[in-house]
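Chemist: There's a structure below that I have some questions on.
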Amino acid sequence: MRDLSEQIFTLSLQIAIFTCHILVATLYIIFLILGHISNVCAHPISSTKSIPYSIALRIKRICSDPIVLQKRFKEYDRYLIARGYDANIVQQQFNKANVKSRVELLKPKQKSSSPAKKVRWLWIIIQTCLILEIL
(Lines give C-alpha, C1' and ligand atoms only; values in the text may rest on other atoms or scores of the structure.)
Protein backbone atom coordinates (compact mmCIF):
# COMPACT_ATOMS: atom_id res chain seq x y z
CA MET A 1 0.00 0.00 0.00
CA ARG A 2 1.40 3.36 -1.01
CA ASP A 3 1.67 6.00 1.61
CA LEU A 4 -0.45 9.13 1.54
CA SER A 5 2.26 11.48 0.19
CA GLU A 6 2.75 9.30 -2.94
CA GLN A 7 -1.00 9.22 -3.54
CA ILE A 8 -1.27 13.00 -3.17
CA PHE A 9 1.69 13.49 -5.52
CA THR A 10 0.17 11.14 -8.12
CA LEU A 11 -3.21 12.85 -7.86
CA SER A 12 -1.70 16.33 -8.17
CA LEU A 13 0.29 15.20 -11.23
CA GLN A 14 -2.86 13.83 -12.86
CA ILE A 15 -4.68 17.11 -12.15
CA ALA A 16 -1.78 19.10 -13.66
CA ILE A 17 -1.80 16.97 -16.81
CA PHE A 18 -5.57 17.29 -17.13
CA THR A 19 -5.29 21.08 -16.66
CA CYS A 20 -2.66 21.26 -19.41
CA HIS A 21 -4.98 19.34 -21.77
CA ILE A 22 -7.80 21.78 -21.01
CA LEU A 23 -5.46 24.75 -21.55
CA VAL A 24 -4.25 23.44 -24.92
CA ALA A 25 -7.81 22.74 -26.06
CA THR A 26 -8.91 26.21 -24.93
CA LEU A 27 -6.02 27.90 -26.73
CA TYR A 28 -6.81 25.94 -29.89
CA ILE A 29 -10.45 27.06 -29.76
CA ILE A 30 -9.46 30.69 -29.12
CA PHE A 31 -6.98 30.72 -32.02
CA LEU A 32 -9.60 29.05 -34.21
CA ILE A 33 -12.16 31.73 -33.31
CA LEU A 34 -9.64 34.54 -33.84
CA GLY A 35 -8.81 33.10 -37.26
CA HIS A 36 -5.13 32.44 -36.58
CA ILE A 37 -5.42 28.75 -37.43
CA SER A 38 -7.63 26.87 -39.85
CA ASN A 39 -9.92 24.07 -38.78
CA VAL A 40 -8.26 21.65 -41.21
CA CYS A 41 -4.72 21.86 -39.85
CA ALA A 42 -2.94 23.43 -36.93
CA HIS A 43 -0.96 25.85 -39.08
CA PRO A 44 -1.76 29.55 -38.88
CA ILE A 45 -3.83 30.90 -41.78
CA SER A 46 -0.86 32.98 -42.88
CA SER A 47 1.20 29.79 -43.27
CA THR A 48 -1.44 28.08 -45.38
CA LYS A 49 -1.11 31.00 -47.79
CA SER A 50 2.62 31.68 -47.55
CA ILE A 51 3.80 28.08 -48.00
CA PRO A 52 2.23 27.64 -51.47
CA TYR A 53 3.41 31.14 -52.44
CA SER A 54 6.97 30.41 -51.29
CA ILE A 55 7.02 27.12 -53.18
CA ALA A 56 5.73 28.82 -56.33
CA LEU A 57 8.39 31.54 -56.05
CA ARG A 58 11.10 28.93 -55.61
CA ILE A 59 9.88 26.99 -58.66
CA LYS A 60 9.81 30.22 -60.66
CA ARG A 61 13.43 30.98 -59.65
CA ILE A 62 14.63 27.47 -60.53
CA CYS A 63 12.82 26.87 -63.84
CA SER A 64 14.06 28.94 -66.76
CA ASP A 65 11.93 27.17 -69.37
CA PRO A 66 8.24 28.27 -69.34
CA ILE A 67 7.01 24.79 -70.32
CA VAL A 68 8.91 23.15 -67.46
CA LEU A 69 7.69 25.91 -65.14
CA GLN A 70 4.03 25.17 -65.90
CA LYS A 71 4.68 21.44 -65.54
CA ARG A 72 6.24 21.96 -62.09
CA PHE A 73 3.42 24.32 -61.08
CA LYS A 74 0.86 21.61 -61.88
CA GLU A 75 2.95 18.97 -60.10
CA TYR A 76 3.29 20.97 -56.88
CA ASP A 77 -0.30 22.22 -57.11
CA ARG A 78 -1.51 18.60 -56.98
CA TYR A 79 0.98 17.77 -54.23
CA LEU A 80 -0.18 20.63 -51.95
CA ILE A 81 -3.85 19.83 -52.52
CA ALA A 82 -3.14 16.17 -51.69
CA ARG A 83 -1.49 17.38 -48.45
CA GLY A 84 -4.74 19.13 -47.43
CA TYR A 85 -4.24 22.69 -48.66
CA ASP A 86 -7.27 24.49 -50.05
CA ALA A 87 -7.24 24.25 -53.87
CA ASN A 88 -8.43 27.85 -54.31
CA ILE A 89 -5.71 29.25 -52.03
CA VAL A 90 -3.01 27.17 -53.75
CA GLN A 91 -4.13 28.31 -57.20
CA GLN A 92 -4.40 31.94 -56.05
CA GLN A 93 -0.89 31.92 -54.56
CA PHE A 94 0.61 30.19 -57.63
CA ASN A 95 -1.01 32.80 -59.89
CA LYS A 96 0.29 35.58 -57.63
CA ALA A 97 3.83 34.18 -57.91
CA ASN A 98 3.53 33.63 -61.66
CA VAL A 99 2.91 37.37 -62.22
CA LYS A 100 6.37 38.28 -60.89
CA SER A 101 9.23 38.29 -63.35
CA ARG A 102 11.99 35.74 -62.93
CA VAL A 103 14.67 38.43 -63.30
CA GLU A 104 13.16 40.34 -60.37
CA LEU A 105 13.04 37.18 -58.25
CA LEU A 106 16.69 36.36 -58.91
CA LYS A 107 17.94 39.73 -57.63
CA PRO A 108 19.42 39.49 -54.11
CA LYS A 109 17.41 41.32 -51.48
CA GLN A 110 18.36 42.83 -48.15
CA LYS A 111 16.47 41.05 -45.36
CA SER A 112 15.15 43.21 -42.58
CA SER A 113 14.55 41.99 -39.07
CA SER A 114 11.02 42.90 -38.11
CA PRO A 115 10.24 42.89 -34.39
CA ALA A 116 6.59 43.63 -35.24
CA LYS A 117 5.79 39.94 -35.76
CA LYS A 118 7.24 39.01 -32.38
CA VAL A 119 5.25 41.78 -30.73
CA ARG A 120 2.05 40.63 -32.46
CA TRP A 121 2.42 37.06 -31.17
CA LEU A 122 3.31 38.32 -27.72
CA TRP A 123 0.12 40.41 -27.77
CA ILE A 124 -1.93 37.34 -28.78
CA ILE A 125 -0.44 35.31 -25.92
CA ILE A 126 -1.16 38.12 -23.42
CA GLN A 127 -4.76 38.41 -24.65
CA THR A 128 -5.20 34.64 -24.41
CA CYS A 129 -3.92 34.63 -20.84
CA LEU A 130 -6.30 37.46 -19.94
CA ILE A 131 -9.24 35.61 -21.49
CA LEU A 132 -8.32 32.43 -19.60
CA GLU A 133 -8.04 34.40 -16.37
CA ILE A 134 -11.55 35.79 -16.91
CA LEU A 135 -12.92 32.29 -17.49
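The values are calculated or read from the model by the stated rules, or taken from the named source; none is laboratory data. Only a predicted model underlies this, so the values are computations on that prediction, with no experimental measurement involved. A quick note on method: Cβ atoms are made from the backbone with ideal geometry, for glycine too, and the neighbour counts reach across all protein chains shown.
Chemist: Filtering the stretch 70-108 down to residues that are aliphatic (A, V, I, L, M) and surrounded by fewer than 13 Cβ atoms within 10 Å (Cβ to Cβ), which residue is nearest to Ala56 (Cα to Cα)?
Modeler: Taking the stretch 70-108 as the starting set, the residues that turn out to be aliphatic (A, V, I, L, M) are 80-82, 87, 89-90, 97, 99, 103, 105-106.
Pick out the ones that are also surrounded by fewer than 13 Cβ atoms within 10 Å (Cβ to Cβ) and you get 82, 87, 99, 103, 106.
Numbers: Ala82: 16, Ala87: 14, Val99: 11, Val103: 15, Leu106: 14 Å.
Looking at residues that are aliphatic (A, V, I, L, M) and surrounded by fewer than 13 Cβ atoms within 10 Å (Cβ to Cβ), I get Val99.
Residues checked against (1) of a type in the set (S, T, N, Q); (2) on the phi > 0 side of the Ramachandran plot; (3) at pLDDT below 90:
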| position | (1), (2), (3) |
| --- | --- |
| Ser50 | yes, no, yes |
| Tyr53 | no, no, no |
| Gln70 | yes, no, no |
| Phe73 | no, no, no |
| Asn88 | yes, no, no |
| Gln92 | yes, no, no |
| Lys100 | no, no, no |
| Val103 | no, no, yes |
| Lys111 | no, no, yes |
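Chemist: How about the stretch 54-85: which of its residues are hydrophobic (A, V, I, L, M, F, W, C) and in contact (Cβ under 8 Å) with a residue 40 or more places away in the chain?
Modeler: Passing the criteria: Ala56, Leu57.
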